[in-house]
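A short worksheet on the structure shown next.
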Amino acid sequence: MRKIATTTLLTALVLAGSPVMARELATLTRLDASTVELKRDDTAPVAVWISADTVLDKGDQRFAAASKDGVLKLPIAATDRRYVILEGKGGKGRTVVAERVLPLEQGSNFRDVGGYVTKDGHTVKWDKAFRSGAMPLLTDADYALLGQLGIGNVVDLRSIEEREVAPDLLDDKLGALFIANDYSLKPLMAKMGQGGGENMYAGMEKMLAPQFRSLFRRLIADEGAVVYHCSAGQDRTGMATALLYDVLGVDRETILKDYHLSTELRRLQFEMPKVDPKDYPNNPILKYYVAGEDGKPRKAEPLYTPSGASHLAQFFTYLDKQYGGSEAYLRTLGFTDADFAKLRKTMLD
């Protein structure tokens, strides 16, 4: 694996009242249907290429020969999955950047897990794994965009009740392998409702062990990109992503920053199709989506406890105390040194 030779670019975010640095070499953010914005802190001159994949080759378009700009607007259509490749003088310090949040018309919280820099200087690869909320209302244009990602696996972390009313179609559309483990949502919701909102995830790692085991097995197998999701793409998916990043060596401040992006990236109107709750009288997920306590449709809740702590920060503390960390926990699911070595080889540049 090649270590990054260029200076790490740091993106600041205030999280829970404290400055948190998200370690990314550069970012690519969509401005409109035809334009993205590239940001980087290092203004050393670089060639800027637009590519259809993560490898620089003769078919790629050079946008700039020696740009020193910290901010650039690039012509990339929302319908095309494209990559920006930054290349230093003499071909050194090459960096690949992609849109973290995919511009889906009717998706929720669908994003690439790639791009973050690890503590030892590697980078999580783009287009190896994607996280999301439920996807029952994707459009034809959405399926066309997702069809460019090389998706070979869909791991559905949801319960039987959730899948009953909002089944996945992505695997059928793309010919991907679909994996789900049957369980009821009711015990999980009861567990999350205990403790007055504090330490909400403690114990969920046991309830979700089959789901997490399935996900990591598919990531290690490296048989096409993996999409994994729950309903909101924030709690079960957030825990799974945190475990993955932690094992890969991403610093926990960056993991927390990424986790809390879910609040602004969720679009609840696309997470659940319009169904009559009367047709599913015992389905707990519909009660959640139909209305809050005041009778109005729910909104995405910030992922903090009543005391102001991050749910994920509390989960990390719990994991460290109960297991000795994320890797130690995954070992209880049967993963070995060889598995972790293959995972890092697969997921890291």
Proximal lysines to K73, defined as alpha-carbon separation beneath 21 angstrom and excluding residues fewer than eight positions away on the same chain: K39
Assuming R0 = 45 Å, can you tell me the calculated FRET efficiency for the pair E301 and R62, based on Cβ-Cβ distance, to the nearest 0.05? 0.50
Give me the log10 of I(q) over I(0) for the range 99-186 at q = 0.15 Å⁻¹, as the Debye formula computes it from C-alpha points; what are the numbers? -0.62
Let me have the 222 nm mean residue ellipticity of the chain computed from DSSP H runs of 4+ only, each contributing -39500 (n - 2.57), with the sum over all residues rounded to the nearest 500. -8000 deg cm²/dmol
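Would you please name the GluC sites (Glu not before Pro) within the range 232-293 that are DSSP coil residues with at most 14 other C-beta atoms within 10 Å of their C-beta?
Values: sites: E253, E264, E271, E293; in loops: E271, E293.
Taking the range 232-293 and a limit of 14 other Cβ atoms within 10 Å, the loop GluC sites (Glu not before Pro) found are E293.
Tally Lys and Arg at +1 and Asp and Glu at -1 over the other residues with C-beta under 13 Å from the C-beta of M189: what net charge comes out? Before the final figure, lay out each step's value.
Values: positive: R158, K186, K191, R236, K287; negative: E161, E162, D235.
Overall, the nearby charge balance is +2.
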If amide H atoms are built 1.01 Å from N in the plane of the peptide, which residues on other chains or at least 5 residues away come under 5 Å of the amide H of L348? K125
Just the number, please: percent antiparallel of the DSSP beta bridges in the chain, rounded to the nearest 5. 70 percent
Can you work out the accessible area per residue across the range 51-205, with the rest of the protein chains kept in place, probe 1.4 Å, in square angstrom? 41 Å²
Taking every alpha carbon pair in the chain and sorting the distances into 10 angstrom bins from 0 up to the bin holding the longest one, the percent per bin comes out as 5, 24, 34, 25, 9, 2, 0
When averaged across all projection directions, what area in nm² does the alpha-carbon convex hull of the range 19-79 cover? 5.1 nm²
Rounded to whole Hz, the Karplus (6.51, -1.76, 1.60) HN-Hα couplings of the range 40-45, x for glycine and proline: 8, 7, 7, 9, 4, x
Once you put a point 7 Å from the Cα of S34 and another 7 Å from the Cα of K191, both along the Cβ direction, what distance in nm separates them? 5.0 nm
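Ignoring ligands, DNA and RNA, please state the percent of accessible area on the range 38-175 from carbon and sulfur, probe 1.4 Å. The partial results should precede the final answer.
Working: 2710 of 5490 Å².
Accessible surface attributable to carbon and sulfur in the range 38-175 totals 49 percent.
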On the formula 1/(1 + (r/R0)^6), with r taken between the Cβ atoms of A341 and A221 and R0 of 25 Å, the FRET efficiency rounded to 0.05 is 0.95
Packing-ranked peptide list from 38-51, 158-171, highest mean Cβ count within 10 angstrom first, is 158-171, 38-51
Rounded to whole Hz, the Karplus (6.51, -1.76, 1.60) HN-Hα couplings of the range 164-174, x for glycine and proline: 5, 9, 9, x, 6, 10, 4, 5, 5, 5, 9
Place a point 7 Å from Cα of D120 in the direction of its Cβ. Which residues in the range 300-329 have their backbone N less than 18 Å from it? 325-329
Quick one: Debye curve from the alpha-carbon atoms of the range 157-270 only, equal weights, vacuum; give me log10 I(q)/I(0) at q = 0.12, 0.17, 0.20, 0.21 Å⁻¹ to two decimals. -0.47, -0.98, -1.37, -1.48
Karplus-derived 3J(HN,Hα) from phi for the range 100-114 (6.51 cos²θ - 1.76 cosθ + 1.60, θ = phi - 60°), whole Hz, x at Gly and Pro, runs 6, 8, 6, x, 7, 5, 9, x, 9, 6, 8, 8, 7, 8, x
Order of 87-100, 128-141 by packing, highest average Cβ count within 10 Å first? 128-141, 87-100
A 18 angstrom limit on the alpha carbon distance is what I want to check against. Which of K257/K321; K119/K345; K186/K287; K257/K345; K191/K278 exceed it? K257/K321; K257/K345; K191/K278
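The values are calculated or read from the model by the stated rules, or taken from the named source; none is laboratory data. The model shown is predicted, which means the values in this text are computed figures rather than measured ones. We place every Cβ from the backbone using ideal geometry, glycine too, and count neighbours over all the protein chains shown. Keep in mind that these areas ignore ligands, DNA and RNA; they rest on the heavy atoms of the full protein, side chains included. Shrake-Rupley method; radii C 1.70, N 1.55, O 1.52, S 1.80 Å.
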